[in-house]
Structures are given as structure tokens and as C-alpha cells.
1. Does LYS11 satisfy the condition of being under 17 Å from the mean Cα position of the chain (by Cα), loosely packed, with under 14 Cβ neighbours inside 10 Å and among the charged types (D, E, K, R)?
2. Six or more apart or on different chains, Cβ atoms under 9 Å: show the pairs whose first residue is in the stretch 158-172 and more than 17 Å from ALA139 (Cα to Cα) and whose second is open to solvent by 80 Å² or more (accessible area, probe 1.4 Å) and at pLDDT 95 or above.
3. Tally up the residues in the stretch 63-93 that are open to solvent by less than 40 Å² (accessible area, probe 1.4 Å) and free of Cβ contacts under 8 Å to residues at least 12 places away in the same chain, please.
4. Could you please tell me which pairs satisfy a Cβ distance under 7 Å, a separation of 6+ or placement on different chains, a first residue in the stretch 129-146 that is on the phi < 0 side of the Ramachandran plot and buried (at least 17 other Cβ atoms within 10 Å of the Cβ), and a second residue that is small (Gly, Ala, Ser) and not in a loop (DSSP other than H, G, I, E, B)?
5. State all residues of the stretch 108-122 that are within 12 Å of the chain's Cα centre (by Cα) and open to solvent by 40 Å² or more (accessible area, probe 1.4 Å); if no residue qualifies, say none.
6. Would you pick out the residues in the stretch 147-176 that are open to solvent by less than 50 Å² (accessible area, probe 1.4 Å) and either more than 30 Å from ASP49 (Cβ to Cβ) or outside any helix (DSSP H, G or I) (or both)?
7. Among the residues of the stretch 16-25, is any within 11 Å of ALA122 (Cα to Cα) and β-branched (Val, Ile, Thr)?
8. So which of THR69, THR60, THR65 is at pLDDT 95 or above and closer than 21 Å to TRP171 by Cβ?
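The values are calculated or read from the model by the stated rules, or taken from the named source; none is laboratory data. These numbers come from a predicted model, not from an experiment. Virtual Cβ from ideal backbone geometry, glycine too; neighbours counted across all protein chains shown. Please note that ligands, DNA and RNA were not included when accessible areas were found on the heavy atoms of the full protein model with its side chains. Shrake-Rupley method; radii C 1.70, N 1.55, O 1.52, S 1.80 Å.
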Amino acid sequence: MDAQPNDFLFKGLNIPRNTNNKLGSNVTLVSAANLPGLNTLGISMARIDFAPYGLNPPHTHPRGTEILTVIEGTLYVGFVTSNLPNGGNRLFTKVLNQGDVFVFPQGLIHFQFNVGKTPAVAIVGLSSQNPGVITIANAVFGSKPPISVDVLSKAFQLDQKVIKYLESQFWMDNNH
């Protein structure tokens, strides 16, 4: 099939999305899945809308680095490194204001939190047409079928009742 002009067009990224959910955020991804013209180009982007105190929870992109620009509001952002010489992990954080840019390296767990009393908006670029997203809490406590309670209680050093409680929560996905 031949490419068509509409394969290279996505409309509506200027439209604020509904943040009335448990997280207070909404991610609108523009990738090869909804903009076929991105196929094989190695890029994608997203708009993230935040309610006051909204969170884009800890997550990772296994196939892409993310670069974020704050369009409106104030965000507390961060990522956790891995494989430090002493075996630990280090948290890198910053508070970003309008016009600030921050990079989240590929595969590292990262988050964004609106610390302001007003809505916030960010635009992100990703270095893959299909960066993937793994939201940590969803993956660990909301997988189907579930990860063994024995495995999780030992891994997190928590009582099995706490693990069962966490698994019983509604783990929402703010990626659309």
C-alpha cells in the first residue's frame, strides 16, 4: 500500500486531556501506532497533562530515551541510575519550570510530579517510534497472572498481607 498524506499527520496534541483520575495525569502518545509516517524514523512524542499535584508515576521506556520540556506549570522530576560501583542506585532530581528541559536516559526508572497548585503541561520527545512504557507499580502488583506473593514478599521484604493488599488495588494506566 502506498503512503498517504494522512499517514504523516496527527491532529489534536494542543487539546488538554482529562486528568480526573487517581494519578491526576494523562499521557497522549504520538507514535508509529497512531502516526504511521513515524515508522522506521526512530522518533515519537507525547503530551503529558497534569492536574494540580498530578503524577506520571515511576515508569521506564525500554526502547527509548525521553527528553521533556515544561510548557506550563512546575514539575518535580527524577530518574534512578543503576549499576553504580558500590552496587547502589542514585536518584537525580530537579524542579522544572516553564521552558526547562530534562533528559531521562533509556531504560531508567523515572517520574514527573506537578508540585504546583495549577495544571501543568509537558511535551516529550522519545528516541524510538515505539519506545514502550512499563509503569513499575502496574507491572509488579497488577500483572495478569499475578507474580507469586512469595516472590514479592521476599523481594520487597514485606508481609504477604501487604503484598496482597497492594495487588488488590486498582492499578490504572494514564497512557493513551
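1. In short, no.
2. GLN160/ASP150
3. Here the count works out to 1.
4. From residues that are on the phi < 0 side of the Ramachandran plot and buried (at least 17 other Cβ atoms within 10 Å of the Cβ), the pairs are GLN129/SER44; PRO131/SER44.
5. ILE109, PHE113
6. VAL149, LEU152, SER153, ILE163, MET172, ASN174, ASN175 - these are the residues of the stretch 147-176 that are open to solvent by less than 50 Å² (accessible area, probe 1.4 Å) and either more than 30 Å from ASP49 (Cβ to Cβ) or outside any helix (DSSP H, G or I) (or both).
7. no
8. THR60
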